[in-house]
Amino acid sequence: MATEPRATQEPRARDLLVPGAILLSIFFACFALPLLYPMPDPVGGDVLESDLPALSPGHLLGTDANGNDVASRLLHGGRASLAIALAVNAIGLLLGGALGATAAYGPRALDSLVMRVVDVAIAFPSLVLVLTVVHALGPGTGHTILALALSSVPAFARVARAATLGLREQAFITAARICGTGTARVLVRHVAPNIAGRLLAFASLGMGVVIVMEGALSFLGLGVPLPLPSWGNMVHQGQQWLSARPMLVLLPSALLCLTVMSFNLLGERLRARWSER
């Protein structure tokens, strides 16, 4: 009997290893490698060195039509896309998590009011909301984060509410209330640690969604403004030379797909583990 839990958990640990290792490698390459290994700037390239092929001296993957180093733009573009996804999910987790947990633990009238607002927000197409906000405010990294965060808060709120409802009648929560512990203290010390795992699993799935949406916005010219790189606007730029230089589109597209797939796999594995607790 003592060996069964270990036998059932070992395959899950191995399932987490592959997407986790891929994501760690991508994060290391995008955030640490440019600091450890001297690379050309991703912008302001020399037009006299434009359209260099791969393995050219000083340019491992060549240069684009503006003379910018392709490898440097890939890594810095990945840094921008990942940073935006991290910021959006952090905002969604904190605000949505607090909103959902407070609604579930508070009075029934507050819960009903908050969830009706959340239902209306979720019913509104997220891509339309994001496009509307970005178009109204103008393209830019900060505006992209704000627009995507607004669309993520309602989803996090629903997850946090569902998880909190499952804890509300637990013995340790009841004991804390009997001891006179205030609502805020119960939420911070008892509810938040117990719903954090489910929220983090949902955030992992949300990372993939945000990266795709940021890529779509940048592809449309509404995300990270040029000449700053992101995987989305690199695909947008590269399509002009797709027949002559297909790697300018294929490389950022492949990295984007690999990253999103890894986040989705990791999120599914984490959700499966936490759903059993």
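The values are calculated or read from the model by the stated rules, or taken from the named source; none is laboratory data. A quick note: this is a predicted structure, and the numbers were derived from the prediction, not measured. Note that each Cβ is placed from the backbone with ideal geometry, even for glycine, and that neighbours are counted across all protein chains shown. The protein model used for the area step is the full one, side chains on, heavy atoms only, and it has no ligands, DNA or RNA in it. Shrake-Rupley method; radii C 1.70, N 1.55, O 1.52, S 1.80 Å.
Residues in segment 144-198 that are open to solvent by 50 Å² or more (accessible area, probe 1.4 Å) and either within 22 Å of the chain's Cα centre (by Cα) or in contact (Cβ under 8 Å) with a residue 24 or more places away in the chain (or both): LEU146, LEU150, ARG158, ARG161, ALA162, LEU165, ARG168, THR183, PRO193, ASN194, ARG198. Pairing each residue of segment 229-257 that is under 13 Å from ARG73 (Cα atoms) with any residue that is of a type in the set (Gly, Ala, Ser) and not in a helix (DSSP H, G or I), provided the two are 6+ apart or on different chains, yields C-beta distances under 7 Å for SER230/GLY223; GLY232/GLY223; ASN233/GLY223. Just one of (1) open to solvent by less than 50 Å² (accessible area, probe 1.4 Å); (2) over 20 Å from GLY100 (Cα atoms) fails for LEU250. It is (1).
Taken over segment 36-80, the criterion of being in contact with a Gly (Cβ under 7 Å, 6 or more places away or on another chain) and in contact (Cβ under 8 Å) with a residue 40 or more places away in the chain is satisfied by ALA54, ASN66, ASN68, VAL70. Inspect segment 129-140 for any residue being loosely packed, with under 15 Cβ neighbours inside 10 Å and either in contact with a helix residue (DSSP H, G or I) (Cβ under 7 Å, 6 or more places away or on another chain) or at pLDDT 90 or above (or both) and give the result as yes or no. For segment 129-140, residues loosely packed, with under 15 Cβ neighbours inside 10 Å and either in contact with a helix residue (DSSP H, G or I) (Cβ under 7 Å, 6 or more places away or on another chain) or at pLDDT 90 or above (or both): present.
Does LEU217 satisfy the condition of being assigned to a helix (DSSP H, G or I), touching a Pro at 6+ places or on another chain (Cβ under 9 Å) and closer than 18 Å to LEU150 by Cβ? Break it down into steps so the answer makes sense when it comes.
Values: assigned to a helix (DSSP H, G or I): yes; touching a Pro at 6+ places or on another chain (Cβ under 9 Å): yes; closer than 18 Å to LEU150 by Cβ: yes.
It is true that LEU217 is assigned to a helix (DSSP H, G or I), touching a Pro at 6+ places or on another chain (Cβ under 9 Å) and closer than 18 Å to LEU150 by Cβ.
The criterion of at least 2 residues that are within 17 Å of PRO229 (Cβ to Cβ) and of a type in the set (D, E, K, R) is met, among helices (runs of 4 or more DSSP H) falling completely within segment 44-157, by 70-91. For segment 30-43, filtered to residues that are outside any loop (DSSP other than H, G, I, E, B) and not aliphatic (A, V, I, L, M), the residue that is surrounded by the most Cβ atoms within 10 Å (Cβ to Cβ) is CYS30. From the residues in segment 247-277 that are modelled with pLDDT of 90 or more and not aliphatic (A, V, I, L, M), which one is nearest to PRO53 (Cα to Cα)? The extreme case among them is PRO252.
For LEU61, the conditions (1) surrounded by fewer than 17 Cβ atoms within 10 Å (Cβ to Cβ); (2) farther than 23 Å from GLY223 by Cα are fulfilled apart from (1).
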